[in-house]
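*Asks:* What follows is a single structure, and I will ask about it in a moment.
The values are calculated or read from the model by the stated rules, or taken from the named source; none is laboratory data. Keep in mind the model is a prediction, meaning the values are calculated, not measured. We place every Cβ from the backbone using ideal geometry, glycine too, and count neighbours over all the protein chains shown.
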Amino acid sequence: MRSTPWRGSKCLKLWKSNLTVLGLALLLAGCQSTPYQRQALEAPAQWRGAPIQTQADMSRERWWQGFGDAGLLAVLEQARSRNPDLSIALLKLRKAQLAAGLERSDALPSLSGELNAGAKRTLGESSVWSRSSGGSLSTSYELDLWGRVDARLRAADQEFRASAYDEAAARLLSDSAAAGLYWDIAALKARQTLGQADLADLRRIQALAEAKWRAGATSEQDVTQARSAVLSQQADLLGLADERGQKENALALLLDHPSGAALPPIAALPLEPALPAIDAGLPSRLLERRPDLMAAEARLRGKLAKVDQERAAFFPALKLTGSLGSSSGALSSLVQNPLLALGASLSLPFLEWRKLGLQLKSSQADYELETVSFRKTLYGAYQEVDNALSTRQRLQGSARLQADALALNRRSEQLAESRYRAGAVDVQTWLDAAKARRGSESALIRLRQEQLKNLADVYKVLGGAPSA
């Protein structure tokens, strides 16, 4: 006959073995997380408007120094220290950092303490007061058996990374916006300077026409046409002054100044400004350069960590607790006869499997939405760079043609003036030639302005200073 103790001992060993396997499984489950794999993305082989120049790697400062404009550098320096949008981005970064710190703090064992004291006596009797004091110190810690806490920490860390990339993107946008407004004002100043010179020329033409009319060498119509041209030019100057004031107010706002505040000195835009050569690099590198794309991918990783967190929420949560306390009638005796208590609690969240299942599906849908959004953002970035580089090529060609047209219009104006002085044509021919020359000068200034702003746009869409 088999002995019962032997059978019980065998069952006990088997139970211990199964418990060990279960413990190892729990530990392994706590280390599991869904690996992130970057989705397959199509990248252009090269930019459609790729430049042929090459240059060495350029830092942020060397890129802007390439324009050879001290006034531009002064505006950029103020924008980097005073732009309210940058201050907002920095505060958001700080908030994300604090949120990540709170998540890490919650993952550590929590401590709490309490001290109390009181006195009591029976009413209606002449009994003495009975005094008591007590104190306790307790702690609790959740064992991360299934990786839920780790997933929560990873999600918070990715949000902090995304906020850091957002701050870097804000710095790029600040540089580009400040440079754009700077060149807008410089171009308007150049057009005003040319407009004032043109007004002086028109008044000279008016005086000549009036002198010839008084001498009977021309008709009154020449005088009225000359006067009309002067008035029209004065109206144009008023419009330029108003437009410049609006741009200066916009720059003051970007520099965190009230409207009308003094700005750094801004010189008139020359007809031949310095234009740094660039090499945009390969499209595949864009994902490693643009901070907005890196922020989008960090948030995508955060959504994946959120899926892990919701999946781990199905499994039991084991929390360990401990407390140390004492009570006494005298405060000085609290440390005597301390009481130590240890405990553990196991929650069973899978009982609400329907609700948890819906939360998991919701987080999975969020991840899929973020995946589509990331892909759309990336392809949009490719399009922005390609468009900016194509615009750069177009502006280069247009500026060359406009410079040639300006040279011809200047020569035409000289010939018209000579013929008018010789009495071969009326004053309107000269006025038309002067107007055509003014239009060419203004168009060339606008093209230079667009070229400079396009370079600022290229700087922004490439994620920083272009490099070889």
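*Asks:* If you go through the stretch 252-261 one residue at a time, do you hit one that is part of a helix (DSSP H, G or I), at pLDDT 90 or above and surrounded by fewer than 16 Cβ atoms within 10 Å (Cβ to Cβ)?
*Replies:* yes
*Asks:* Could you please find all residues in the stretch 394-429 being in contact with a helix residue (DSSP H, G or I) (Cβ under 7 Å, 6 or more places away or on another chain), more than 30 Å from Leu455 (Cβ to Cβ) and polar (S, T, N, Q)?
*Replies:* Ser412, Gln428, Thr429
*Asks:* Please specify each residue of the stretch 204-230 satisfying the condition of being touching a Lys or Arg at 6+ places or on another chain (Cβ under 8 Å), surrounded by fewer than 23 Cβ atoms within 10 Å (Cβ to Cβ) and at pLDDT 90 or above.
*Replies:* Of everything in the stretch 204-230, those that are touching a Lys or Arg at 6+ places or on another chain (Cβ under 8 Å), surrounded by fewer than 23 Cβ atoms within 10 Å (Cβ to Cβ) and at pLDDT 90 or above turn out to be Gln206, Val230.
*Asks:* Still on this structure, I have one more. Checking Ala267 against (1) farther than 30 Å from Arg48 by Cα; (2) in a loop (DSSP other than H, G, I, E, B); (3) over 32 Å from the mean Cα position of the chain (by Cα): exactly one of these is not met. Which one?
*Replies:* (3)
*Asks:* Could you tell me which residue of the stretch 82-123 is nearest to the chain's Cα centre (by Cα), considering only residues that are surrounded by 11 or more Cβ atoms within 10 Å (Cβ to Cβ) and hydroxyl-bearing (Ser, Thr, Tyr)?
*Replies:* Filtering the stretch 82-123 for residues that are surrounded by 11 or more Cβ atoms within 10 Å (Cβ to Cβ) and hydroxyl-bearing (Ser, Thr, Tyr), the one nearest to the chain's Cα centre (by Cα) comes out as Ser87.
*Asks:* Out of everything in the stretch 345-374 that is among the aromatic types (Phe, Trp, Tyr) and more than 19 Å from Asp144 (Cβ to Cβ), what residue ends up being modelled with the lowest pLDDT?
*Replies:* Step by step, filter the stretch 345-374, then rank; the result is Trp353.
*Asks:* Quick check on the stretch 449-458. Is at least one of its residues crowded, with 18+ Cβ neighbours inside 10 Å, assigned to a helix (DSSP H, G or I), in contact with a helix residue (DSSP H, G or I) (Cβ under 6 Å, 6 or more places away or on another chain) and free of Cβ contacts under 8 Å to residues at least 60 places away in the same chain?
*Replies:* So far as the stretch 449-458 goes, yes, one or more of its residues are crowded, with 18+ Cβ neighbours inside 10 Å, assigned to a helix (DSSP H, G or I), in contact with a helix residue (DSSP H, G or I) (Cβ under 6 Å, 6 or more places away or on another chain) and free of Cβ contacts under 8 Å to residues at least 60 places away in the same chain.
*Asks:* Another question, if that's okay. Determine which single condition Lys376 fails, assuming it passes every other condition in (1) in a helix (DSSP H, G or I); (2) in contact (Cβ under 8 Å) with a residue 40 or more places away in the chain; (3) not small (Gly, Ala, Ser).
*Replies:* (2)
*Asks:* I need every pair where a residue in the stretch 210-238 that is among the β-branched types (Val, Ile, Thr) has its Cβ under 6 Å from the Cβ of a residue that is part of a helix (DSSP H, G or I) and surrounded by fewer than 17 Cβ atoms within 10 Å (Cβ to Cβ), sequence separation at least 6 or different chains.
*Replies:* Filtered contacts from the stretch 210-238: Val223/Glu210; Val230/Arg203.
*Asks:* Could you pull out the residue among Asp201, Asp157 that is of a type in the set (D, E, K, R), more than 29 Å from Arg438 (Cα to Cα), surrounded by fewer than 22 Cβ atoms within 10 Å (Cβ to Cβ) and in contact (Cβ under 8 Å) with a residue 12 or more places away in the chain?
*Replies:* Unique residue meeting the criteria: Asp157.
*Asks:* Also: Does the stretch 133-180 hold any residues that are of a type in the set (S, T, N, Q) and outside any helix (DSSP H, G or I), and which are they?
*Replies:* Across the stretch 133-180, the qualifying residues are Ser133, Ser136, Ser138, Thr139, Ser140.
*Asks:* Would a scan of the stretch 127-134 turn up a residue that is out of contact with any Asp or Glu (no Cβ under 8 Å at 6 or more places or on another chain), at pLDDT below 90 and β-branched (Val, Ile, Thr)?
*Replies:* yes
*Asks:* Which one of Arg400, Arg438, Arg419 is farther than 28 Å from Glu220 by Cβ and not small (Gly, Ala, Ser)?
*Replies:* Arg400
*Asks:* How many residues are closer than 16 Å to Leu271 by Cβ and among the aliphatic types (A, V, I, L, M) when one looks only at the stretch 402-422?
*Replies:* Here the count works out to 5.
*Asks:* Residues that are free of Cβ contacts under 8 Å to residues at least 40 places away in the same chain and either of a type in the set (D, E, K, R) or out of contact with any strand residue (DSSP E or B) (no Cβ under 7 Å at 6 or more places or on another chain) (or both): does the stretch 163-171 have at least one?
*Replies:* no
*Asks:* I need a count of the residues in the stretch 90-115 that are part of a helix (DSSP H, G or I) and either farther than 30 Å from Ala250 by Cβ or touching a Ser or Thr at 6+ places or on another chain (Cβ under 8 Å) (or both).
*Replies:* Looking only at that region, the number is 15.
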